[in-house]
Amino acid sequence: MIPQLLLDGEHLTIAQVVEVANSAPGQPLVALSDSARAQVERAAQAVQTMLREGCVAYGITTGFGAFKDRVIPLDQVEKLQRNILVSHAVGVGEPFDRATTRAIMLIRANTLARGFSGIRLATLELLLDMLNAGIHPVIPSKGSLGASGDLAPLAHMSLPLIGEGTAEYRGEILSAKEAFERAGLQPLTLAAKEGLALTNGTAVMCALGVLETVRAERISRIADIAGCLSLEALHGTPLAFDERIHLLRPFPRQMECAAGLRALLAGSEFVRSSSSANVQDAYTLRCIPQVHGAARDAIAYCRWVFEIELNAVTDNPLIFCDGDKIEVLSGGNFHGEPLAIAMDYLAIAMSELGNISERRIMRLTDEASNTQTLPAFLAVNGGLNSGFMILQYTAAALATENKVLSHPASVDTIPTSANVEDHVSMGCTAGLKLRQVSANVEHILAIELMAAAQGIDFRRRVLGANTRLGKGTQPVYDQIRQCVPFIDEDTVLSGFLAAVHQIVTAG
């Protein structure tokens, strides 16, 4: 673990976001680099210069959205910034978990550290003080349209800075004012541009995307392992993973997946030899590299998108300082379309990992489909015992839910702000749907792992207790068997499924 993370707005990594999100407050300590401090101060001074010179600039001396043409008197500029927070903090739904909240705070601070937003050093450092002290704003998860940024959730994130809202502190939900008092911090009064700088950006979408991309990478690895265990349980052949096949269709991640499957299955005595009269398997086994590899493509695309977005400046307007020349430019970097499309793409890919896993579960439990390699529903004394029959039902229900959730959010838009903001990305919705899809896939994979282990034990009765699994699958089988025994009669399976699910979510 790094002892201190210095933000400069340009070099934040996905790994660092994950570390801060999942670490205790202050570990690592997050601070601004010297270059960031200078950049932030320069832009804040530029805002004060514009105020002294009477410049009219969006969100600094004007209202917001459809009120962009309403000039605000100088003596009300500070109230304008407070008003944007209190009026925009209208999110609903379950609050984000602590890890997501910490990721949101970190990403927003890094964006502001670039020095194009006009926020004061003291305000940005107070946001980092909150993060380091473990004051986690209560941020409702729903309300963002993903254009003009994540306005409602970021307003909730920012309320504690002015002594408003609620926050989690050391396991308690408190008023932000009380949380600040306990942590020894003082709220402040926002200056010109600061309320807009805090709320007008993609930090919520970006946090969801970063965390779900890393989660998808883990799920993808587990899907490969589950597929290999199922292949062994079903007496499948690894011949379809031969490198020569995949070199003739050289999608990089398809080839990478096939190589990984070969490594997992190396040395297995459960697989079918090349001399078998049964020359090929069903698609759910034979086409694992093609399906899982395509999902890896989506994951890689998301990593590329979010590595860029982490160090992007996404608020509006932006302040450019060139010597004594100051320009305020209005643009649309807050628009979440690149993130929304990426997360929709990833939701489709995760849904497909769930679909093919559910079909492998079906094959493990359907005696006719597995050519009687395994008993019906993996049950001992089937009929009296239902075995794993209903586990496949659960997987089917989750796979079906994922098909609904995989409808892209990014193709929808509802105009807002009196039709000024007339196209939005729905990026936060895409992220929330992706999160649910991934959660469902984790359960489906847990069911497959549990069913494959049961199938392998049935096959051991024929092959012998000392028959070897693959080099990569044996340790996973052993881990499953530490918490789930062979099921020889009907019993409550939910506790065993929860134990395997915990293995999946732990990676």
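Annotations
- Residue count for the stretch 383-426, restricted to those that are closer than 30 Å to L497 by Cα and among the hydroxyl-bearing types (S, T, Y): 5
- Meets criteria (on the phi < 0 side of the Ramachandran plot and part of a helix (DSSP H, G or I)) for L145: no
- Some residue of the stretch 466-476 being under 14 Å from A379 (Cα atoms) and assigned to a loop (DSSP other than H, G, I, E, B): no
- Only listed residue being crowded, with 23+ Cβ neighbours inside 10 Å and either under 19 Å from I299 (Cα atoms) or over 21 Å from the mean Cα position of the chain (by Cα) (or both), chosen from A409, A397: A409
- Some residue of the stretch 117-134 being of a type outside the set (D, E), out of contact with any Ser or Thr (no Cβ under 6 Å at 6 or more places or on another chain), closer than 26 Å to A418 by Cα and assigned to a loop (DSSP other than H, G, I, E, B): yes
- Answer from E41, E94, E19 - the residue that is of a type in the set (D, E, K, R) and in contact (Cβ under 8 Å) with a residue 60 or more places away in the chain: E41
- Residue, modelled with the lowest pLDDT, within the stretch 28-70, restricted to residues that are within 18 Å of R98 (Cβ to Cβ) and surrounded by 16 or more Cβ atoms within 10 Å (Cβ to Cβ): P28
- Tally of residues being touching a helix residue (DSSP H, G or I) at 6+ places or on another chain (Cβ under 7 Å) and more than 21 Å from L398 (Cβ to Cβ) across the stretch 443-457: 1
- Evaluation of A430 against the conditions (1) out of contact with any Phe, Trp or Tyr (no Cβ under 6 Å at 6 or more places or on another chain); (2) over 19 Å from D344 (Cβ atoms); (3) of a type outside the set (V, I, T) shows that the sole unmet condition is (2).
Residue-wise test of (1) at pLDDT 95 or above; (2) within 24 Å of D97 (Cβ to Cβ); (3) outside the structural domain of D344 (by TED's automatic domain parsing); (4) in a helix (DSSP H, G or I).
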site	(1), (2), (3), (4)
Q186	yes, no, yes, no
A216	yes, yes, no, yes
I222	yes, yes, no, yes
L231	yes, no, no, yes
L239	yes, no, no, yes
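- Scope the stretch 1-46; condition over 19 Å from R303 (Cα atoms), part of a loop (DSSP other than H, G, I, E, B) and hydrophobic (A, V, I, L, M, F, W, C); matching residues: M1, I2, A24
- Criterion: among the hydrophobic types (A, V, I, L, M, F, W, C), crowded, with 23+ Cβ neighbours inside 10 Å, touching a Lys or Arg at 6+ places or on another chain (Cβ under 9 Å) and closer than 14 Å to L85 by Cβ - qualifying residue of L161, L196, L154: L154
- Residues in the stretch 346-378 that are among the hydroxyl-bearing types (S, T, Y) and more than 26 Å from the chain's Cα centre (by Cα) were compared, and the one that is surrounded by the fewest Cβ atoms within 10 Å (Cβ to Cβ) is T371.
The values are calculated or read from the model by the stated rules, or taken from the named source; none is laboratory data. As the structure is a prediction and not an experimental result, all values here were calculated from the model. Neighbour counts are summed over all protein chains in view; Cβ atoms, including those assigned to glycine, are modelled from backbone coordinates with ideal geometry.
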